[in-house]
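In what follows, a structure is listed as structure tokens, so that the remarks can point back to it.
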Amino acid sequence: MASRGTVKASGNFNASADAEVLYKAMKGLGTDEDAILQLLTARSNAQRQEIKATYKTLFGKDLIDDLKGELGGKFETLIVALMTPPLAYDVMLLRNAIKGAGTDEKVLVEILASRTCQQVKDIVAAYRQEYDDDLEEDICGDTSGHFKRLLVILLQANRQTGIQHGNIESDAQALFKAGEEKFGTDEQSFVTILGNRSAEHLRKVFDAYMKMTGYEMEESIKRETSGNLEDLLLAVVKCARSVSGYFAETLYYAMKGAGTDDDTLIRVMVSRSEVDMLDIRADFRRNFACSLFSMIKGDTGGDYRKALLLLCGGDDA
């Protein structure tokens, strides 16, 4: 399957030449930020790892340490994120979300709702290897209630595959009985069905639910639940409908209104740049009154903006 990313591997790649360019950009007085961002956004993550290894071989220095020493602020955060292998990046984000001051539920929701079953399995294994801790135990120690239960279900990464035609109506019925029809909501039904069915199956269930109730699944969730559980259920439903649509919306709300949620902006732009950024851009343009490119341009500045726009990869005016 062709990648729908905006960042592709460079054709005539030479790790030594790239390492030289980066070394020169940071050597002496002043740093050539432009050279750094132009180069790193034009290489795949796998190529960046090769550059990092070659840099150490040639200069006896750690490239990430050097970058951190020369850059600052959001631009530094973005460049270091680009230099991190995708799996290690997810693992680090989850660890920081749990072990930081207070739990960053937004990160738990975004990663666990949007990654494939295989990716989640890899994350769990890599987390154990990196920190000698159990991700599920860490998450359970930091969350509670049905929010915790649904996160645990997602961590099992045992979603069914395909469409269970016999269960479409009964699943829709169970969700209706658990929510709209009942005083007080039976969250367990929502958690079990939304956490365990395939995306294709859930899309059919949402259609059946709409026919049955006259409501979109999202509307019912907003009415029947609140807080972290609501956020997670909505993320799971949106990702079942369209992962790129979910990320387009996530980016929009990270920039809409006063102040920018730069952590989210960086996280999504970096982690989707080689996956589905082209689809995210198309969904963004379709669902909002502007392009992703123009919104980033209006909301950010300096080298940080330049690098983000290169990751975006073009305007959809």
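Residues in the range 144-158 that are surrounded by fewer than 17 Cβ atoms within 10 Å (Cβ to Cβ) and farther than 15 Å from PHE190 by Cβ were compared, and the one that is farthest from the chain's Cα centre (by Cα) is SER144. Scanning the range 243-264 for residues that are more than 13 Å from the chain's Cα centre (by Cα) and either polar (S, T, N, Q) or open to solvent by less than 20 Å² (accessible area, probe 1.4 Å) (or both) yields a count of 2.
None of LEU39, LEU67, LEU58, LEU63 is hydrophobic (A, V, I, L, M, F, W, C) and within 15 Å of LEU310 (Cβ to Cβ) except LEU39. The condition (being outside any helix (DSSP H, G or I) and surrounded by 15 or more Cβ atoms within 10 Å (Cβ to Cβ)) is satisfied by just one residue among THR161, THR84: THR84. Taking the condition of being within 15 Å of ARG4 (Cβ to Cβ), open to solvent by less than 40 Å² (accessible area, probe 1.4 Å) and either touching a His at 6+ places or on another chain (Cβ under 9 Å) or not hydrophobic (A, V, I, L, M, F, W, C) (or both), how many residues in the range 300-315 meet it? So the count comes out to 1. Taking residues in the range 94-105 that are among the polar types (S, T, N, Q), and partners anywhere that are open to solvent by 30 Å² or more (accessible area, probe 1.4 Å) and modelled with pLDDT of 90 or more, the pairs with Cβ atoms closer than 6 Å and at least 6 places apart or on different chains are THR103/ASP142.
Listed here are the residues, each with its yes/no results for (1) in contact with a strand residue (DSSP E or B) (Cβ under 9 Å, 6 or more places away or on another chain); (2) of a type in the set (Val, Ile, Thr); (3) surrounded by fewer than 18 Cβ atoms within 10 Å (Cβ to Cβ); (4) closer than 25 Å to LEU82 by Cβ.
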{"site": "ALA240", "(1), (2), (3), (4)": "no, no, no, no"}
{"site": "ILE266", "(1), (2), (3), (4)": "no, yes, no, yes"}
{"site": "ASP279", "(1), (2), (3), (4)": "no, no, no, yes"}
{"site": "ARG285", "(1), (2), (3), (4)": "no, no, no, yes"}
{"site": "GLY298", "(1), (2), (3), (4)": "no, no, yes, yes"}
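Pairs meeting the criteria (first residue in the range 1-20 and over 12 Å from VAL275 (Cβ atoms) and charged (D, E, K, R), second residue open to solvent by 40 Å² or more (accessible area, probe 1.4 Å) and in a helix (DSSP H, G or I), beta carbons under 8 Å, at least 6 apart or on different chains) are GLU20/LEU58. Filtered by the rule that a residue be surrounded by 13 or more Cβ atoms within 10 Å (Cβ to Cβ), touching a residue at least 60 places away in the same chain (Cβ under 8 Å) and part of a helix (DSSP H, G or I), the range 41-79 gives ASN45, LYS74, PHE75, THR77, LEU78, ILE79.
Screening TYR127 with (1) in contact with a Ser or Thr (Cβ under 6 Å, 6 or more places away or on another chain); (2) surrounded by 21 or more Cβ atoms within 10 Å (Cβ to Cβ) gives one miss only, at (1). The residues listed here are LYS68, LYS99, LYS61; of these, the one that is basic (Lys, Arg) and under 20 Å from the mean Cα position of the chain (by Cα) is LYS99. Checking each residue in the range 125-158 for being polar (S, T, N, Q) and either assigned to a helix (DSSP H, G or I) or free of Cβ contacts under 8 Å to residues at least 12 places away in the same chain (or both) picks out GLN129, SER144, GLN156.
Is there a residue being at pLDDT 95 or above, open to solvent by less than 10 Å² (accessible area, probe 1.4 Å) and in a loop (DSSP other than H, G, I, E, B) anywhere in the range 9-32? No, the range 9-32 contains no residue that is at pLDDT 95 or above, open to solvent by less than 10 Å² (accessible area, probe 1.4 Å) and in a loop (DSSP other than H, G, I, E, B). Restricted to the range 220-236, and to residues there that are buried (at least 22 other Cβ atoms within 10 Å of the Cβ) and of a type in the set (Val, Ile, Thr), the residue that is farthest from the chain's Cα centre (by Cα) is ILE221. Looking only at residues in the range 189-219 that are without any contact (Cβ under 8 Å) to a residue 24 or more places away in the chain and part of a loop (DSSP other than H, G, I, E, B), the one that is most open to solvent (accessible area, probe 1.4 Å) is GLU216. In the range 210-256, which residue that is among the small types (Gly, Ala, Ser) and closer than 17 Å to LYS177 by Cα is modelled with the lowest pLDDT? Ranking the qualifying residues of the range 210-256, first place goes to SER220.
Between LEU251, LEU311, LEU265, the distinction of being among the aliphatic types (A, V, I, L, M), part of a helix (DSSP H, G or I) and touching a Phe, Trp or Tyr at 6+ places or on another chain (Cβ under 9 Å) belongs to LEU251 only.
The values are calculated or read from the model by the stated rules, or taken from the named source; none is laboratory data. In this text the structure is predicted, and so the values were computed from the model without any measurement. Neighbour counts run over all protein chains shown; Cβ positions are idealised from the backbone, glycine included. Keep in mind that these areas ignore ligands, DNA and RNA; they rest on the heavy atoms of the full protein, side chains included. Shrake-Rupley method; radii C 1.70, N 1.55, O 1.52, S 1.80 Å.
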